[in-house]
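Undergrad: This structure is in structure tokens; I'll ask about it shortly.
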Amino acid sequence: MAQKQVFPGETNKAVLEKFLDLPQDPDKVMVEYIWIDGTGEGVRSKCKTMDFEPKKPEDCPVWNFDGSSTYQAEGSNSDMYLIPVALYKDPFRRGVNKLLLCEVQKYNKVPAETNNRHTCAKAMEQVKDSHPWFGIEQEYTLLDGDGYPFGWPKNGYPGPQGPYYCGVGANRVFGRDIVEAHYRACLYAGITISGCNAEVMPAQWEFQVGPCEGIAMGDQLWVARYLLHRVAEEFGVVVSLDPKPMKGNWNGAGAHTNYSTEAMRKEGGLAVIEKAIDRMSKKHDEHIRVYDPNGGEDNRRRLTGHHETSSINDFSAGVANRGASIRIPRQVAEDGFGYLEDRRPSSNCDPYAVTEIIVKTTLLSE
């Protein structure tokens, strides 16, 4: 069997620890600025030393970066602005150091094309009295250095799906160390991570973020993704958010989005849920176009009507039906209130775009 491929630039991470343990001047704080690049699914970051500990994003200065190197600007006019929006503790540098999520604006202070947070925040402000809650189930696949799923035999395939979902044992799950490290990193940072599990395809995992209200859903999921990439980097493993990383009889990867309003969570809320589903059924094609960053083309490989998905061409809903576009959990149907699960968003979706269109369809459309 071929040996695991090691990246040429991979280092011994244990050596770093003695430097991280060096005393740090409390008046010198490292703030990692994080933003979404021009692909709509990649994250970038760079660090700034500040002479005080910021307590909220507004304490941090607006910064800039070279947009021509992130698919966001031409080289002749490349400076773009980083607008601080959300602040978290840094689980890598620890201490007083921070992670800072930013929106991106162009040279003329107009939001960048992939800055979906700008319009999402406006929509969430309009519906704030409805108290929309979201929980997103982020599926992803771990890849080895050669781009093949982590732990898979190099000259073939593992056994068929069946024993891997929520599995236990070295022959059933691959990469648990990464998952555990990511979970702790999220908790330390202040992410509302609510769980994790091994998924149906070996080397595929899922973590859940939520419940988060309004714009916080997108903010927290993006930072959780950043943390996942950084943790996997420490292990020399690649994280893929491709919604169908392996062709054939293997499950794809989604970002199932659980959604409720205050009215849905109260007695009689099932009728409100059903009304929301009816509105969503009338805008299926519009939702599909924003449920992956490539206008639905990524999801077309995943939403085939097989492997626990609905067909991309049809809208459906049902109780406890994982082959439907929208699933009403059985407990919700029995209780008469709760939430719905939209199973259509792809694993590489922009959570800002997903949550925005959901509230617009269910709360702001006639």
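The values are calculated or read from the model by the stated rules, or taken from the named source; none is laboratory data. Just so it is clear, the structure is predicted and the values come from calculations on it, not from any experiment. Quick reminder, even Gly has a Cβ in these numbers, built from the backbone with ideal geometry, and neighbours come from all protein chains shown. Please note that ligands, DNA and RNA were not included when accessible areas were found on the heavy atoms of the full protein model with its side chains. Shrake-Rupley method; radii C 1.70, N 1.55, O 1.52, S 1.80 Å.
Undergrad: What are the pairs with Cβ atoms under 7 angstrom where one residue, in the stretch 33-62, is within 12 Å of I83 (Cα to Cα) and of a type in the set (K, R) and the other, located anywhere, is surrounded by 12 or more Cβ atoms within 10 Å (Cβ to Cβ) and at pLDDT 95 or above? Sequence gap at least six, or different chains.
TA: Short answer, once both residue conditions are applied: none.
Undergrad: Within the group R184, R176, R172, which residue is modelled with pLDDT of 95 or more and farther than 20 Å from W250 by Cβ? Can you show your working first?
TA: Working: R176 fails: farther than 20 Å from W250 by Cβ; R172 fails: farther than 20 Å from W250 by Cβ.
The unique qualifying residue is R184.
Undergrad: Condition check: closer than 17 Å to E41 by Cα, open to solvent by 50 Å² or more (accessible area, probe 1.4 Å) and at pLDDT 95 or above. Does R289 satisfy that?
TA: yes
Undergrad: With L99, L143, L187 as the choices, which residue is under 21 Å from the mean Cα position of the chain (by Cα) and open to solvent by 60 Å² or more (accessible area, probe 1.4 Å)?
TA: L187
Undergrad: I'm trying to understand the selection: among the residues of the stretch 85-114, which are over 24 Å from H182 (Cβ atoms) and part of a strand (DSSP E or B)?
TA: Those that are over 24 Å from H182 (Cβ atoms) and part of a strand (DSSP E or B): E103, V104, Q105, P111.
Undergrad: Further, regarding this structure: Can you tell me which condition H307 does not meet? The list is (1) open to solvent by 10 Å² or more (accessible area, probe 1.4 Å); (2) in contact with a Gly (Cβ under 7 Å, 6 or more places away or on another chain); (3) within 16 Å of M217 (Cβ to Cβ); (4) not aromatic (F, W, Y), and all the others hold.
TA: Unmet for H307, out of (1) open to solvent by 10 Å² or more (accessible area, probe 1.4 Å); (2) in contact with a Gly (Cβ under 7 Å, 6 or more places away or on another chain); (3) within 16 Å of M217 (Cβ to Cβ); (4) not aromatic (F, W, Y): (3).
Undergrad: Filter the stretch 258-279 down to the residues that are among the aliphatic types (A, V, I, L, M) and within 27 Å of E139 (Cα to Cα) and list them by number.
TA: M264, I273, A276, I277
Undergrad: What are the residue pairs meeting all of these: first residue in the stretch 258-285, first residue within 19 Å of F315 (Cβ to Cβ), second residue open to solvent by less than 60 Å² (accessible area, probe 1.4 Å) and modelled with pLDDT under 95, Cβ atoms under 8 Å, and 6 or more apart or on different chains?
TA: From the stretch 258-285, the pairs are R279/S365; K283/S365.
Undergrad: Also, I was wondering about something else. If you check P153, P132, P158, which single one turns out to be open to solvent by less than 60 Å² (accessible area, probe 1.4 Å) and within 27 Å of E356 (Cβ to Cβ)?
TA: On inspection, the qualifying residue turns out to be P132.
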